[in-house]
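Note sheet for the following structure.
The values are calculated or read from the model by the stated rules, or taken from the named source; none is laboratory data. None of these values were measured; they are calculated from a predicted model. Using ideal geometry, Cβ is built from the backbone for each residue, glycine included, and neighbour counts are taken over all protein chains shown. To get the accessible areas, we keep the full protein, side chains included, count just its heavy atoms, and leave off ligands, DNA and RNA. Shrake-Rupley method; radii C 1.70, N 1.55, O 1.52, S 1.80 Å.
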Amino acid sequence: MGAPYRPTPAFIGASWVALIIGLGSYFIGLFNAEMALNEKGYYFVTLMFGLFAVISLQKSVRDRSEGIPVTAIYYGLAWFCTVLAVALVIIGLWNADLLLSEKGFFGLGFILSLFAVVAVQKNVRDSAGANSAQPIEELQSGPSCPSNTVGE
């Protein structure tokens, strides 16, 4: 694998701005929505679940493309959780007693946040790899794991 590319400041900035706009709009909509607190909690948890799921999926897809082992069960779980998070938001919005414009607002804020968090995570990983003289594989194994052998 060649040297990792450093993301441009414009792409890093655009990714962070997209994440802030996505999360900000979602949270402003959630704060202003006239719904029960348990409904607000549902939408908050689905957003957090979705963010974790897409970060996990992006990392496992990238690790596989770089030849870093990822178990099939983890890879499948990352895909399942991503699809589940999106489905839960769709089902929740479909059944919510909200105006169509409010439903669209939540849906767009959710999708923008998922996209942006993947871009931010990619930038963080690429920047870490570009700032280090070590290859990414060494960064991921960490200093406490000098080898992959056990008991030698």
Quiz item: From the square roots a ≥ b ≥ c of the eigenvalues of the alpha-carbon gyration tensor of segment 1-71, which class results: rounded (a/c under 1.5), prolate (a/b over b/c), or oblate?
Solution: oblate
Quiz item: Excluding Asp97 itself, what net charge comes from residues whose Cβ is under 14 Å from its Cβ, given Lys and Arg +1 and Asp and Glu -1?
Solution: -1
Self-check item: Solvent-accessible area per residue for segment 1-117 (1.4 angstrom probe, square angstrom)
Solution: 62
Quiz prompt | Rg(Cα) / (2.2 N^0.38 Å) computed for segment 47-110, rounded to two decimals | solution = 1.38
Quiz item: How large is ³J(HN,Hα), in whole Hz, for each residue of segment 38-46 in order, when computed from phi with the Karplus curve 6.51 cos²θ - 1.76 cosθ + 1.60 and θ = phi - 60°, using x for Gly and Pro?
Solution: 5, 5, 4, x, 4, 5, 5, 5, 5
Practice problem: Kindly state, to the nearest 0.05, the FRET efficiency for Thr8 paired with Tyr42, given R0 = 35 Å and r defined as their beta-carbon distance. | Solution: 0.40
